[in-house]
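Below you'll find the structure, written out as structure tokens, and then a few comments.
Coordinate-derived values only; no laboratory data. None of the values given here were measured: they were computed from a predicted structure. Note: ideal-geometry Cβ built from the backbone for every residue, glycine included; neighbour counts use all protein chains shown.
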């Protein structure tokens, strides 16, 4: 994924279609640096629509730049320095969709206590 810019929604904006998922005030929206570069937009003064991900809803789509404020953070993708995803993501990816992680570990013979 590369670098992303982290924006915060100033106010609610209802989505008009599947491509415009909408957002609530204070939602965090991640926009890739690559998208901003292709659109020739400065991260601190974007205009029009930004394609990104609402981190609360995990929905991708176009968000109105007018309602977004750059919160000054810029981060790398979720990959670890070695290029591997974090261990929790590796475990989740290896499990069948209908199995709890602790059940799968128990089935594989690992001694893990269930946390309530």
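Numbers for the structure displayed
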| quantity | calculated |
| --- | --- |
| Hits in segment 26-49 - residues which are within 14 Å of the chain's Cα centre (by Cα) and crowded, with 16+ Cβ neighbours inside 10 Å | 27, 28, 29, 30, 31, 32 |
| Per-region count, segment 52-62, residues closer than 14 Å to residue 4 by Cβ and crowded, with 17+ Cβ neighbours inside 10 Å | 3 |
| Hits in segment 55-69 - residues which are assigned to a loop (DSSP other than H, G, I, E, B) and touching a residue at least 24 places away in the same chain (Cβ under 8 Å) | 55, 56, 57 |
| Residue count, segment 1-14 (criterion: under 17 Å from residue 66 (Cα atoms) and surrounded by fewer than 16 Cβ atoms within 10 Å (Cβ to Cβ)) | 4 |
